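Engineer: Shown below is the structure under consideration.
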Amino acid sequence: MIRSLPRSKGYDWSFTAFIVLYFTFLFAPLLVTCVLAFNDSNFPSLPWQGFSLDWFVANGPERIGLFHDDQNLRSIVTSFETAFCVSILSVVVGTCASFLFEKEDFRFKGALYFLMLAPLVIPGVILGISLLLAANTAGTFFDETFGLDIDVFRPSFWLVVLGQFSFITTFVTLVVSARLRKFDHSLEEAALNLGATPLQVIWHITLKFLRPAIIGAGAVAFLMSFENFNTTLFLVGSKPTLPINLYLQVRDGSTPVINAVSLMLILGTSLLALLNLYFTKKEED
């Protein structure tokens with residue numbers, strides 16, 4: 001509706017009701033999960049049995065809290081390591097790809113750009129299975145031909161990194177490219193005319209302009225890697241990431257420690273998003 005036109009009370013009420021229902025649907029499950037993290041019950045669900053911090057600090061024998069749960073702590077560390085490696089690789093390659101597609105005109109550019117976008121429309125399950133089959137085929141070839149047993153071709157940490165990197169890089173490229181389109185290339189020409197080298201121009205001018213987009217893309221890549229499940233499920237080895245570990249716990253039956261993990265994840269991702277927003281606005285100002 002055009003804002004300048006008069007609105008009826010029915011429209012105002014329905015609009016308000018829609019906003020309330022939408023955000024209730026969006027955040028109510030998260031709120032219930034956070035509250036149940038403090039429930040003094042052996043089951044991760046209602047009814048409420050009283051307030052307790054056991055699912056954070058208990059150290060047995062009947063209850064094991066999150067801070068003493070070695071399995072969950074290891075999976076959190078593994079997820080952090082995976083997300084860190086994926087975000088660094090994605091930012092470096094994605095930034096270089098954005099330079100390639102936005103500043104260079106070469107043969108088959110449109111076809112290559114389409115191939116870069118392909119992982120976005122391929123379901124994560126299909127991508128994971130395809131990567132697993134390709135890695136197994138390559139591993140078998142090297143083993144039978146050269147007698148080499150290469151770990152990266154087996155379900156492992158680095159195969160997960162490569163699998164997530166294969167599609168998260170596309171998001172980084174799109175974010176950085178959108179920022180690069182707004183760049184005034186006459187600034188580069190002026191710096192070159194004043195005696196700067198191409199490397200100095202890229203480092204001190206172009207990348208400085210792209211810094212907010214690079215930081216934001218890196219944060220998005222980190223969060224996407226940390227929470228990825230579909231692709232990771234087929235590539236993970238003996239060190240499961242947190243989403244895989246939580247899935248196994250829910251499938252086999254879990255305690256409210258899973259709610260405690262969810263609460264910590266919600267707080268952590270919210271803090272990271274706020275920090276990213278703060279530094280991005282600071283860079284733009």
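Engineer: Taking the beta-carbon count within 10 Å as an exposure proxy, list 225, 14, 254 from fewest neighbours to most.
Structural biologist: 14, 254, 225
Engineer: Å³ per residue of the Cα convex hull, for the stretch 1-130?
Structural biologist: Dividing the Cα hull volume of the stretch 1-130 by its residue count gives 258 Å³.
Engineer: Figure the gain on full extension for residue 111 and residue 184 (residue separation times 0.36 nm, minus the Cα-Cα span) and round it to one decimal in nm.
Structural biologist: Full extension of this stretch gives 23.6 nm more.
Engineer: Still on this structure: Rank the residues 281, 9, 239 as a footprinting-exposure proxy: fewest other Cβ atoms within 10 Å of their Cβ go first.
Structural biologist: Arranged by neighbour count, lowest to highest, 281, 9, 239 become 9, 281, 239.
Engineer: Within a 10 angstrom radius of the beta carbon, how do 250, 91, 121, 201 rank from fewest other beta carbons to most?
Structural biologist: 121, 250, 201, 91
Engineer: What is the Cα radius of gyration of the chain over 2.2 N^0.38 Å, N being its residue count?
Structural biologist: 1.27
Engineer: From the phi angles alone, apply the Karplus equation (6.51, -1.76, 1.60; θ = phi - 60°) to the stretch 221-229 and give each ³J(HN,Hα) in whole Hz, x where the residue is Gly or Pro.
Structural biologist: Values per residue, Gly and Pro as x: 4, 4, 5, 5, 5, 4, 9, 5, 10 Hz.
Engineer: In addition: Tell me which of 92, 168, 216 sits at the most positive position along the dipole axis of the chain, charges placed on C-beta atoms (Lys, Arg +1; Asp, Glu -1).
Structural biologist: Positive-end residue among those listed: 216.
Engineer: Right, another one. Given a cut-off of under 8 Å on Cα pairs at least six residues apart, what relative contact order in percent is computed for the stretch 70-254?
Structural biologist: Result for the stretch 70-254 is 41 percent.
Engineer: So, one more: Got a sec to turn the phi values of the stretch 45-57 into Karplus ³J(HN,Hα) couplings, 6.51 cos²θ - 1.76 cosθ + 1.60 with θ = phi - 60°, whole Hz, x for Gly and Pro?
Structural biologist: The phi angles translate into 7, 5, x, 6, 10, x, 7, 7, 9, 4, 7, 10, 10 Hz.
Engineer: Give me, ordered by chain and number, the residues 5 or more places off residue 64 or on other chains with an amide H under 5 Å from its own placed amide H.
Structural biologist: Residues meeting the criterion, in which the H sits 1.01 Å from N, do not exist here.
Engineer: Could you please state, rounded to a whole Å, how far the C-alpha centre of the stretch 134-181 is from the C-alpha centre of the stretch 32-109?
Structural biologist: Measuring centre to centre over Cα atoms gives 22 Å.
Engineer: Any chance you could tell me what percent of the C-alpha pair distances in the stretch 135-285 go past 23 Å?
Structural biologist: 58
Engineer: Also: Grab the Cα-Cα distance for residue 102 and residue 68, subtract it from 0.36 nm times how many residues apart they are, and report the gain in nm with one decimal.
Structural biologist: Here the segment from residue 102 to residue 68 would lengthen by 7.3 nm.
Engineer: Step through the residues of the stretch 160-169 one at a time and calculate ³J(HN,Hα) from phi using the Karplus curve (6.51 cos²θ - 1.76 cosθ + 1.60, θ = phi - 60°), rounding each to whole Hz and writing x for Gly and Pro.
Structural biologist: Residue by residue, the stretch 160-169 yields 4, 4, 5, x, 5, 4, 5, 10, 5, 4 Hz.
Engineer: Compute the semi-axes of the equivalent ellipsoid of the stretch 98-159, taking the square root of 5 times each eigenvalue of the Cα gyration tensor, and list them largest first in whole Å.
Structural biologist: For the stretch 98-159, the ellipsoid semi-axes come out as 31, 16, 10 Å.
Engineer: Would you please give the FRET efficiency between residue 20 and residue 278, computed as 1/(1 + (r/R0)^6) with r the Cβ-Cβ distance and R0 = 22 Å, to the nearest 0.05?
Structural biologist: E between residue 20 and residue 278, to the nearest 0.05, is 0.20.
Engineer: Run the count for the chain, please: Lys pairs, Cα-Cα under 17 angstrom, 8 or more apart or on different chains.
Structural biologist: For the chain, the number of qualifying lysine pairs is 6.
Engineer: So, one more: For the chain, what does the helix formula give at 222 nm: sum of -39500 (n - 2.57) over DSSP H segments with n ≥ 4, over the residue count, nearest 500 deg cm²/dmol?
Structural biologist: Mean residue ellipticity, 222 nm, calculated: -24000 deg cm²/dmol.
Each reported figure results from applying straightforward, stated rules to the coordinates on display, with no laboratory input. Because the structure is predicted, anything quoted here is derived from the model rather than measured. Neighbour counts run over all protein chains shown; Cβ positions are idealised from the backbone, glycine included.
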